Amino acid sequence: MLLGASLVGVLLFSKLVLKLPWIQVGFSLLFLYLGSGGWRFVRIFVKTIRRDIFGGLVLLKVKVKVRRYLREQRTVPILFASTVQRHPDKTALIFEGTDTRWTFRQLDDYSSSVANFLQARGLASGDVAALFMENRNEFVGLWLGMAKLGVEAALINTNLRRDALRHCLTTSQARVLVFGSEMAPAISEIQASLDPSLSLFCSGPWEPSTVPAGTEHLDPLLEDAPKHLPSRPNKGFTDKLFYIYTSGTTGLPKAAIVVHSRYYRMAALVYYGFRMRPDDIVYDCLPLYHSAGNTGPTLSASGAPGPQEP
């Protein structure tokens with residue numbers, strides 16, 4: 001009954017208005033009978049204390065690393081480069097749809113080709129390039145290559161069409177749109193209303209009659225691009241990495257900014273929180289334009305994430 005009428009008015013206000021002892025009135029009636037949860041509180045505490053200590057240590061570890069990387073002005077491409085140095089021939093990405101496997105070296109080469117190609121086309125740090133394609137290894141290589149140059153990727157939801165798609169491309173102020181050949185019909189629907197200065201590039205199977213006029217086939221252009229690392233952009237750990245769009249449930253989609261530190265923090269919490277090991281493989285069935293699908297397979301760790309068709 002209200003826990004013994006609050007243990008009889010905390011034993012009559014700790015012996016008639018704070019004249020205490022009785023060993024501080026039974027440690028104030030054993031901390032008001034263990035936080036009013038009784039002995040059940042002790043049982044729950046014993047069962048969960050190891051979990052809570054582990055969670056606290058993970059948070060502390062990630063916080064220390066984030067502070068260090070802030071001080072050193074690291075970025076996701078710099079962290080990725082250290083992984084490439086340690087594990088150049090280790091599998092980095094597996095695309096189950098075609099059983100395509102890329103090592104960290106191959107991913108590094110592809111992303112450097114992307115950076116050098118975009119630089120040759122006049123893009124520079126701070127510019128925006130939109131990415132509109134289904135899951136595959138190239139998706140990761142494209143936004144990572146953009147980040148190497150300091151170009152911010154706008155990751156477009158592949159379910160968007162017409163007004164919502166046009167809105168995302170327009171508000172992002174993208175100078176370049178890279179789309180998968182499977183998305184060509186969606187781009188053709190809105191091409192007439194897009195900024196004429198927007199450069200269009202298609203990745204994947206090439207059929208000129210199915211893509212919008214003026215579109216270039218990206219894949220052979222990347223094969224010819226240099227694979228050396230471009231000059232490092234003036235970017236730090238708190239600068240923009242890419243944009244992820246909301247689903248537009250109550251209106252048109254809105255862009256959420258993901259900075260380098262936020263991406264690392266989300267990925268590191270997953271990696272350390274789930275006690276992942278370097279030989280683990282992450283099965284990623286979520287779309288890579290979504291934060292959960294993109295940050296789950298952490299590039300800053302040395303696991304082997306595998307993008308799947310959503």
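Structure data summary
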quantity: Condition check for residue 117: among the aromatic types (Phe, Trp, Tyr), touching a Ser or Thr at 6+ places or on another chain (Cβ under 8 Å) and either outside the structural domain of residue 232 (by TED's automatic domain parsing) or modelled with pLDDT of 95 or more (or both); calculated: no
quantity: Subset of segment 96-110 (residues that are polar (S, T, N, Q) and over 17 Å from residue 86 (Cβ atoms)); calculated: 98, 100
quantity: Scan of segment 203-226 for residues that are assigned to a helix (DSSP H, G or I) and within 21 Å of residue 116 (Cα to Cα), ordered by number; calculated: 218, 219, 220, 221, 222, 223, 224
quantity: Neighbours by Cβ (under 8 Å, 6+ apart or cross-chain): first from segment 80-92, touching a residue at least 60 places away in the same chain (Cβ under 8 Å) and under 10 Å from residue 106 (Cβ atoms); second among the β-branched types (Val, Ile, Thr) and not in a helix (DSSP H, G or I); calculated: 91/103; 92/103
quantity: Cross-chain or 6+ apart pairs with Cβ under 8 Å, segment 123-148 first and among the hydroxyl-bearing types (Ser, Thr, Tyr), then surrounded by 23 or more Cβ atoms within 10 Å (Cβ to Cβ); calculated: 125/149; 125/150; 125/151; 125/235
quantity: Residues satisfying the stated conditions in segment 235-270, i.e. among the hydrophobic types (A, V, I, L, M, F, W, C) and without any contact (Cβ under 8 Å) to a residue 60 or more places away in the chain; calculated: 256, 257, 258, 259, 266, 267, 270
quantity: Out of 209, 172, 199, sole residue that is farther than 19 Å from residue 256 by Cα, at pLDDT 95 or above and polar (S, T, N, Q); calculated: 199
quantity: Scope segment 212-243; condition modelled with pLDDT under 95, surrounded by 14 or more Cβ atoms within 10 Å (Cβ to Cβ) and of a type in the set (A, V, I, L, M); matching residues; calculated: 229
quantity: Set 142, 131, 123: member being more than 25 Å from residue 160 (Cα to Cα) and either assigned by TED's automatic domain parsing to the domain that holds residue 286 or modelled with pLDDT of 95 or more (or both); calculated: 123
quantity: Of all residues making up segment 244-256, the number that are loosely packed, with under 12 Cβ neighbours inside 10 Å and among the small types (Gly, Ala, Ser); calculated: 1
quantity: Residue 200, sole failed condition from (1) touching a helix residue (DSSP H, G or I) at 6+ places or on another chain (Cβ under 6 Å); (2) not in a loop (DSSP other than H, G, I, E, B); calculated: (1)
quantity: Residue match in segment 235-249 (condition: under 28 Å from the mean Cα position of the chain (by Cα), in the same structural domain as residue 127 (by TED's automatic domain parsing), assigned to a loop (DSSP other than H, G, I, E, B) and farther than 30 Å from residue 76 by Cα); calculated: yes
quantity: Strands (runs of 3 or more DSSP E) within segment 77-142 that include 3 or more residues under 19 Å from residue 294 (Cβ atoms); calculated: 91-95, 128-132
quantity: Selection within segment 183-197 - among the hydrophobic types (A, V, I, L, M, F, W, C) and either within 19 Å of residue 159 (Cβ to Cβ) or part of a loop (DSSP other than H, G, I, E, B) (or both); calculated: 183, 184, 186, 187, 190, 194
quantity: Test set (1) within 15 Å of residue 198 (Cα to Cα); (2) surrounded by fewer than 24 Cβ atoms within 10 Å (Cβ to Cβ) - residue 118 fails condition number; calculated: (2)
quantity: Test: residue in segment 298-310 that is within 12 Å of the chain's Cα centre (by Cα), at pLDDT 85 or above and crowded, with 18+ Cβ neighbours inside 10 Å; calculated: no
quantity: Single residue of segment 192-211 satisfying the filter (under 19 Å from residue 164 (Cβ atoms) and surrounded by 17 or more Cβ atoms within 10 Å (Cβ to Cβ)) that is farthest from the chain's Cα centre (by Cα); calculated: 194
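The values are calculated or read from the model by the stated rules, or taken from the named source; none is laboratory data. These numbers come from a predicted model, not from an experiment. All Cβ positions, glycine included, derive from the backbone under ideal geometry; neighbour counts span all protein chains shown.
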